[in-house]
Amino acid sequence: MPIQKDPEHSYEWLKQHETTFDSNNVCGECGSALALCWGGYYGINNDILRCVKDIKHHTVARIFELSPANTPGFTLYDAGKKRREQMEKEIGETKAIALRQYQGLTTLTKEQAKEILLTVWPKAEGAELFKAMQICSTYGLNPLMRHLYMIPFSGKLVCVMGIGANRLIASRKHSYSYIDDTPRIMTEAEEIKKYGKVDKSKIRFVTKLKDMKSGAEVSGWGEYPATENPYGTDKGNSKENMASIRSERQALDRLYPMDMPTPDIPVIDENFIDSTATVIEEPVKEPPTTEILAPPPDNAQDGQEGQGKPERDVTLIKNTTDLCKACMSDWPATFKTSKDVLKELGLTSWNDLTEKPSDCYLKIASVRK
């Protein structure tokens with residue numbers, strides 16, 4: 001049956017969700033257009049929102065489409081004088097002009113990514129700089145297109161990704177839609193089903209996605225402390241928005257696990273952060289729990305496997321960051337990225353980890369004697 005006007009679905013809601021030139025709303029079951037009409041012809045004495053192909057369909061989906069700013073070839077200068085002046089003010093006119101050659105480029109090499117990163121964030125260094133370089137070159141991202149940032153945390157710059165970068169990566173190979181009117185705050189019933197109880201100290205969101213080709217559907221969940229204000233609050237950011245983008249990022253990770261970077265890289269909403277993130281203070285409450293890719297130690301040599309379990313105090317392996325670093329250090333020929341560790345454990349996402357990181361290390365070490 002089509003969706004009818006009722007206390008849950010007002011006439012304004014029906015009109016908002018019909019297919020128009022300004023909306024991406026479609027039938028969640030077949031992808032056809034949705035029409036708002038009177039249901040008298042079908043024996044329904046009410047306003048209805050119906051699928052133009054099959055009136056029996058009754059779900060709404062919102063197809064994701066790339067914004068112009070995420071389209072390869074789009075440059076900072078296409079955004080107008082105000083945007084150009086903002087970049088020049090943040091990093092200086094000379095540096096902004098030097099970076100023009102990389103505007104809109106999504107095929108950066110590691111060296112090109114490094115040049116951009118160090119021009120915009122001169123204090124970036126170490127593993128976080130290497131991680132950012134690798135992400136840019138591997139996933140076709142560009143810091144100048146607001147895909148990736150280096151933000152202050154505990155005296156150093158930490159690599160984070162904008163939620164738009166995750167959407168961009170997913171849309172390159174897939175067509176997907178948002179269903180069940182998500183992202184939205186979880187209902188009490190959904191919260192109890194997922195977490196076992198309602199927690200008033202946290203704002204919890206759910207995002208439900210559907211692949212338009214395979215029909216696969218997944219849910220992602222995100223939360224944010226109800227008593228804390230996130231970065232960018234003065235610019236319009238909110239606790240609800242932070243919980244929303246966290247749920248969306250988890251949903252994208254679950255729908256396309258082989259395409260997405262490791263989910264342990266912090267996610268931000270690029271709409272509420274300056275291009276260079278120079279004014280953001282301590283936005284990440286916890287550092288990343290794992291490295292996507294770390295440079296091998298200077299004395300690393302292939303062929304270390306088969307020499308027995310390395311002597312290591314496993315009690316120091318407290319999280320997935322420690323686990324990945326230990327594996328990449330002890331067996332550099334096998335583990336070059338955190339995804340290699342995931343594959344060894346038979347997982348596609350760190351969200352599926354059910355054992356302690358120290359026990360995972362022992363399991364890996366036991367087969368490499």
Pairs needed: first member in the range 1-24, under 17 Å from residue 45 (Cβ atoms); second member anywhere, in a helix (DSSP H, G or I) and of a type in the set (A, V, I, L, M, F, W, C); C-beta distance under 8 Å; at least 6 residues apart or different chains.
3/14; 5/14
Enumeration of residues in the range 86-124 that are among the aliphatic types (A, V, I, L, M), modelled with pLDDT of 75 or more and surrounded by 14 or more Cβ atoms within 10 Å (Cβ to Cβ):
96, 98, 99, 105, 108, 113, 116, 117, 118, 120, 124
Filtered residues of the range 11-35 (kept if surrounded by 19 or more Cβ atoms within 10 Å (Cβ to Cβ) and not in a loop (DSSP other than H, G, I, E, B)):
14, 17, 25, 26, 27, 34
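Take the residues in the range 347-369 that are of a type in the set (S, T, N, Q) and under 29 Å from the mean Cα position of the chain (by Cα); name whichever of them is farthest from residue 320 (Cα to Cα).
348
Out of curiosity, is residue 49 without any contact (Cβ under 8 Å) to a residue 24 or more places away in the chain and surrounded by 16 or more Cβ atoms within 10 Å (Cβ to Cβ)? Can you show your working first?
Numbers: without any contact (Cβ under 8 Å) to a residue 24 or more places away in the chain: no; surrounded by 16 or more Cβ atoms within 10 Å (Cβ to Cβ): yes.
No.
I'm trying to understand the selection: among the residues of the range 181-231, which are of a type in the set (Gly, Ala, Ser), within 27 Å of residue 16 (Cβ to Cβ) and loosely packed, with under 12 Cβ neighbours inside 10 Å? Spell out how you get there, then give the answer.
Of the residues in the range 181-231, the ones of a type in the set (Gly, Ala, Ser) are 189, 196, 201, 214-216, 219-220, 222, 226.
Restricting the remaining residues to those that are within 27 Å of residue 16 (Cβ to Cβ) gives 189, 215-216, 219-220, 222.
Once the filter is applied, which keeps residues that are of a type in the set (Gly, Ala, Ser), within 27 Å of residue 16 (Cβ to Cβ) and loosely packed, with under 12 Cβ neighbours inside 10 Å, the range 181-231 yields 189, 215.
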Of all residues being of a type outside the set (Phe, Trp, Tyr) and closer than 20 Å to residue 134 by Cα in the range 250-262, which is surrounded by the fewest Cβ atoms within 10 Å (Cβ to Cβ)? Just the residue, please.
258
Filter result (modelled with pLDDT of 90 or more and touching an Asp or Glu at 6+ places or on another chain (Cβ under 8 Å)) within the range 233-246:
239, 241, 242, 243, 245, 246
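Hey, among the residues in the range 129-150 that are in a strand (DSSP E or B) and in contact (Cβ under 8 Å) with a residue 60 or more places away in the chain, which one's nearest to residue 268 (Cα to Cα)?
Residues of the range 129-150 in a strand (DSSP E or B): 148-150.
In the following step, the residues that additionally are in contact (Cβ under 8 Å) with a residue 60 or more places away in the chain were identified as 149-150.
Numbers: 149: 9, 150: 11 Å.
Looking at residues that are in a strand (DSSP E or B) and in contact (Cβ under 8 Å) with a residue 60 or more places away in the chain, I get 149.
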Among (1) part of a helix (DSSP H, G or I); (2) in contact with a helix residue (DSSP H, G or I) (Cβ under 8 Å, 6 or more places away or on another chain), there is one condition residue 329 misses while meeting the rest; what is its number?
(2)
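What number of residues within the range 204-250 are aliphatic (A, V, I, L, M) and over 19 Å from the mean Cα position of the chain (by Cα)?
First pass over the range 204-250, keeping only residues aliphatic (A, V, I, L, M): 206, 209, 212, 216, 218, 226, 242-243, 245.
Now drop any that are not over 19 Å from the mean Cα position of the chain (by Cα), which leaves 212, 226.
Residues that pass the stated criteria total 2.
The values are calculated or read from the model by the stated rules, or taken from the named source; none is laboratory data. Computed from a prediction, not measured in an experiment: that's the story for all the values here. Backbone-built Cβ (ideal geometry, glycine too); neighbour counts: all protein chains shown.
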